[in-house]
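Below is one structure, written out as structure tokens; the observations come after it.
Every number here is computed from the coordinates shown, using simple stated rules; none is lab data. Worth saying up front: this structure is predicted, and the values here are computed from it rather than measured. Heads up, the Cβs are rebuilt from the backbone with ideal geometry, glycines too, and the neighbour counts pull from every protein chain shown.
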Amino acid sequence: MELKEETKNKFTNMELKDKLNEHQLAVLQSEFEKRKKSKIFGYLLWFFFGTVGVHRIYTANYWMAFFMFIMVGGCGIWMLIDGFFFYWKKIDRMNEKIEAEIIQVLLDMDPSHKVEDEPIDVEIKDN
């Protein structure tokens with residue numbers, strides 16, 4: 001699911017959360033807990049299977065995982081670079097994106113946040 005362009009540009013997740021009511025916030029929290037990526041699980045994958053790129057599959061980076069598998073993680077060098085400089089932030093960005101997608105769905109479902117269409121004049125004729 002792709003976020004609407006205006007949402008990407010104008011608002012952060014915190015600003016979007018301010019537009020939600022209590023029920024929507026509860027739904028957001030519940031859905032986010034189900035869908036979020038775990039840093040601990042990601043690092044366990046990195047630690048035990050990092051040279052073959054399994055941790056990249058967990059973050060949906062399939063092409064990079066394929067290349068890491070083929071090159072055996074650059075003999076472990078690529079794996080170390082991932083673990084220390086890249087991976088933690090990647091999971092944070094993924095979780096922010098997941099949260100933003102859930103917020104967008106909740107806002108789209110709430111009619112008070114939608115732009116009203118102009119009323120259509122309908123003429124009803126009696127028989």
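Quick one: in region 38-110, what % of C-alpha pairs are over 13 Å apart?
Distances greater than 13 Å cover 65 percent of the Cα pairs.
If you put +1 on each Lys and Arg Cβ and -1 on each Asp and Glu Cβ, how big is the dipole of region 38-110 around its Cα centre, in Debye rounded to 20?
Dipole of region 38-110, to the nearest 20 debye: 400 debye.
Would you please name the GluC sites (Glu not before Pro) within region 40-117 that are DSSP coil residues with at most 16 other C-beta atoms within 10 Å of their C-beta?
116
Express the relative contact order of region 38-110 as a whole percentage, based on alpha carbon pairs under 8 Å and six or more residues apart in sequence.
27 percent
Run the quick spin-label model on residue 75 and residue 14: label points 7 Å from Cα toward the beta carbon, then report their separation in nm to one decimal.
Distance between the two pseudo-spin positions: 4.6 nm.
By the scheme Lys and Arg +1, Asp and Glu -1, what is the net charge of all other residues having a beta-carbon under 10 Å from that of residue 64?
Here the charged neighbours net out to 0.
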